Structures are given as C-alpha cells and as structure tokens.
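Working notes, beginning with the structure itself.
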Amino acid sequence: MTDIEGDIEVRTVAFDGSQFIIKSKRWLHIMDRHPELQTMLEAIKAAASAPDEVYLDPRGSVHLIKRLYNAQSDFLAVIVRKKGSETHLITAYLLGSKRKTRGYRRFRKLPY
C-alpha cells in the first residue's frame, strides 16, 4: 500500500475522474483521531469513487457522503481537497442522520 518514500498509501479514481490520493500523514491522522475507521479503508475509497451526496464547504473543501448499512453510524463523511487533477483526502469520520442534517444544511450541495 505504501510507496518507497512512504508518502502515498492509496491511489484510486475519484467520483469526478480525478486521482484520489490518501497520503500516509493523512491516514495516520485518521487512525489517531478516528480509530473506528481503521478497518474502513474500502468504505473510504467507495465514498470517494461513488458518493451518495457531495457538498462544498465555505473553505473550498469537498465533503463526500456515503450511506452505510449495518454499521455503527448512518453515514461516512470523506473530506477532500481538489488540487488540479488530483483529489487529496483531508479527513474522514462517521456521522449520524441528525448530525448530517444539522451540519450540512449550510453547505452547498453539488450535483452528482
């Protein structure tokens, strides 16, 4: 999963056709702050490639929301930043329906 420099852990295709990249530093952040996602790398990649909803926050980050079934939470939020033809993971976390409704009403929903 890691390249020779230990910089990039994962490369796959994002929902918009760009390269979705998870760098080691970001993955370590997620493991530190959100250890419940340790076994959810495939779900994060699925959210990046085929989200159910896409939002743009005021700072320009893109929030990719994927509904989860038979999981400890209702949704997975994957926050990314676009850099040219690349989409870089910033963070990811689980959220419930109430938090999603409350938190995402001020963001702009993008067509997808």
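Bear in mind these aren't lab numbers, they're just calculated from the coordinates by the rules spelled out. These figures come from a predicted structure and were not determined experimentally. Cβ coordinates were reconstructed from backbone atoms using ideal geometry, including for glycine residues, and neighbour counts include every protein chain displayed.
In table form, for the structure just shown:
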{"item": "Surrounding net charge for Lys98, when Lys and Arg each add one and Asp and Glu each subtract one, Cβ distance under 14 Å", "result": "+3"}
{"item": "Added length on full extension, which subtracts the Cα-Cα distance from 0.36 nm per residue, Ala71 to Val13", "result": "18.4 nm"}
{"item": "Potential lengthening between Met31 and Glu86 on full extension [0.36 nm per residue; Cα-Cα distance subtracted]", "result": "17.6 nm"}
{"item": "Spherically averaged projected area of the range 8-110 from its Cα convex hull (nm²)", "result": "6.2 nm²"}
{"item": "Of the chymotrypsin sites (Phe, Trp or Tyr not before Pro) in the range 1-104, those whose Cβ has at most 14 other Cβ within 10 Å and which sit in DSSP loop", "result": "Tyr69"}
{"item": "The chain: Lys pairs at Cα distance under 28 angstrom, eight or more positions apart or on different chains", "result": "29"}
{"item": "Given the chain, longest segment not containing exposed loop trypsin sites (Lys or Arg not before Pro) (DSSP; at most 14 other Cβ within 10 Å)", "result": "1-58"}
